[in-house]
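Dropping a structure here in structure tokens format, bear with me for questions.
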Amino acid sequence: MRRAAVVAAVGALVAGFAVYGSAQAQEDPARDASGATAASLREAAAASGTFVGTAINDGLLSNPTYANIAASEFSSVTAENAMKWDTTEPSRGNFNFSGGDRLVDFANRNLHQVYGHTLVWHSQLPGWVQNGGFNAEQLNQVMVDHIDAVAGHFSGELAYWDVVNEVFNDDGSMRQSVFQTTIGTEYIANAFRAADAADPWANLCINDYNVEGINAKSDALYDLVSSLLDQGVPIDCVGLQSHLILGQVPGDLQENMQRFADLGLEVIITELDIRMDLPADSGKLAQQAEDYAEVVTACMNVPACEGITVWGISDRDSWVPGVFPGQGAACVWDESYQPKPAYDGMLTAFGG
Ligand code: XIL
């Protein structure tokens, strides 16, 4: 049942492509009769049964250039911030869904699926949770209440939820978040069960960074999801954030995705960007195109890799320069919303 929303969304896209493709084929001699030449990332990805998404800052949707690229190039949208705890429940029991609702509305008008991000995370967590002094039972209730309300509100609208985000340290130990230190590792199973009860439709994911290659952290993730599956916890997918560095796509990305797929899970590239030392130059941008293509190809080679989301449309909107000093140019469109070589890299790798 969980798959229904996703399959319907992709089906609609493929149908849309078929109609559009055949009309174009008559007008455009470069396009063959099957309409095989894709005019957007969205069409190219849909033709191979994959979604391609972007993080959206709903405040930027009033910029027509931004909204047009979001609508025409992507088949999935993730709220960059609007569904996080500090936005959705800034004080206990007071909920704000305005940004998330705006995104869902935009998505529905443009035949996008919506990827929910994120229910339980140590960051962008309001002070009343972080410093509330709750004991284990109380904090678990706070967490379950939050999931009930937020996942309940969006139930039926979302294809995925990142139920928990960034639960590990890089060495594979558990991150000492307030949830971990107060409740213990069982908070993760509790969160998935609560999300399943609140929204039986969405695929439920665990999401993290630096887990793209095979390393101590992704080994720990593998062990954790194996144990959740053994316990019958409702988990459907693993999200690999993929905030990558130029020239450093892990050579074992595909192998790593495949081992999670072999557990019966979907694998999603959830937050792809590839940053470089500034300033960018043509050599770096060519390398970046290869890197983006390499990630798309790895996903295409693993049937359980259902989609790829990039973290922001343009270099102008990216979180990277603010967080990694001296680095940037990590996105697929430049500061003027012109497609970079990475765009063709992705398009070609999707088979467009
Ligand atoms: C980032 C957003 O892009 C920024 O706008 C915000 O200020 C901080 O969070 N991993 C995640 C995302 O899971 O939620 C983060 O998004 C980037 C790192």
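The values are calculated or read from the model by the stated rules, or taken from the named source; none is laboratory data. What you are looking at is a predicted structure, and each value in this text was computed from that prediction instead of being measured. Note that each Cβ is placed from the backbone with ideal geometry, even for glycine, and that neighbours are counted across all protein chains shown. Protein only, heavy atoms only, side chains kept; ligands, DNA and RNA dropped before computing areas. Shrake-Rupley method; radii C 1.70, N 1.55, O 1.52, S 1.80 Å.
Tell me which of these VAL211 doesn't satisfy, since it passes every other one: (1) in contact (Cβ under 8 Å) with a residue 40 or more places away in the chain; (2) away from the ligand (no atom under 13 Å from the Cβ); (3) farther than 18 Å from HIS146 by Cβ.
Here VAL211 meets the rest and fails (2).
If you don't mind, another one. Go through the residues of region 52-63 one by one and say whether even a single one is of a type outside the set (A, V, I, L, M, F, W, C), modelled with pLDDT of 95 or more and under 16 Å from TYR343 (Cβ atoms).
yes
Just checking: which of the helices (runs of 4 or more DSSP H) contained wholly in region 97-180 hold 2 or more residues that are within 16 Å of the ligand (Cβ to nearest atom) and either among the small types (Gly, Ala, Ser) or more than 13 Å from ALA79 (Cα to Cα) (or both)?
Counting at least 2 such residues, we get 98-109.
On to the next question. May I ask you to list the residues in region 61-96 that are among the polar types (S, T, N, Q), without any contact (Cβ under 8 Å) to a residue 24 or more places away in the chain and not in a loop (DSSP other than H, G, I, E, B)?
SER62, ASN68, ASN94
Is it true that GLN141 is surrounded by fewer than 17 Cβ atoms within 10 Å (Cβ to Cβ) and without any contact (Cβ under 8 Å) to a residue 12 or more places away in the chain?
yes
If you don't mind, another one. Right, ASP86: at pLDDT 95 or above, surrounded by fewer than 18 Cβ atoms within 10 Å (Cβ to Cβ) and within 15 Å of the ligand (Cβ to nearest atom) or not?
yes
Go through region 268-287 and give me each residue that's open to solvent by less than 10 Å² (accessible area, probe 1.4 Å) and either more than 16 Å from the ligand (Cβ to nearest atom) or hydroxyl-bearing (Ser, Thr, Tyr) (or both).
THR270, MET276, listed by residue number.
Another question, if that's okay. Starting from residues that are free of Cβ contacts under 8 Å to residues at least 12 places away in the same chain and outside any loop (DSSP other than H, G, I, E, B), keep the ones in region 322-343 and report whichever is farthest from the ligand (Cβ to nearest atom).
PRO339
Checking the structure you have, find out if any residue of region 308-316 is touching a residue at least 12 places away in the same chain (Cβ under 8 Å) and either over 21 Å from ALA70 (Cβ atoms) or away from the ligand (no atom under 16 Å from the Cβ) (or both).
Within region 308-316 (the criterion being touching a residue at least 12 places away in the same chain (Cβ under 8 Å) and either over 21 Å from ALA70 (Cβ atoms) or away from the ligand (no atom under 16 Å from the Cβ) (or both)), the answer is no, since none of the residues qualifies.
Please enumerate the residues belonging to region 45-60 that are more than 15 Å from the ligand (Cβ to nearest atom), more than 17 Å from the chain's Cα centre (by Cα) and in a helix (DSSP H, G or I).
Passing the criteria: only ALA47.
When only residues in region 150-187 that are open to solvent by 10 Å² or more (accessible area, probe 1.4 Å) and touching an Asp or Glu at 6+ places or on another chain (Cβ under 8 Å) count, which is farthest from GLN124 (Cα to Cα)?
Here the answer is GLY156.
Filter region 35-44 for residues that are in a helix (DSSP H, G or I) and open to solvent by less than 10 Å² (accessible area, probe 1.4 Å) and give the result.
The answer is LEU41, ALA44.
Same structure again: Looking at region 264-292 only, could you name the residues that are farther than 17 Å from TRP333 by Cβ, of a type in the set (D, E, K, R) and part of a strand (DSSP E or B)?
GLU266, ASP277
Residue-wise test of (1) assigned to a loop (DSSP other than H, G, I, E, B); (2) open to solvent by 10 Å² or more (accessible area, probe 1.4 Å); (3) out of contact with any Pro (no Cβ under 8 Å at 6 or more places or on another chain); (4) within 16 Å of the ligand (Cβ to nearest atom).
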position	(1), (2), (3), (4)
ASP196	no, yes, no, no
CYS205	no, no, yes, yes
TYR222	no, yes, yes, no
LEU229	no, yes, yes, no
VAL249	yes, yes, yes, no
GLN258	no, yes, yes, no
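To keep it simple, each residue is scored yes or no on (1) within 14 Å of GLU212 (Cβ to Cβ); (2) among the acidic types (Asp, Glu).
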site	(1), (2)
ASP277	no, yes
ALA286	no, no
MET300	no, no
ILE308	yes, no
ALA349	no, no
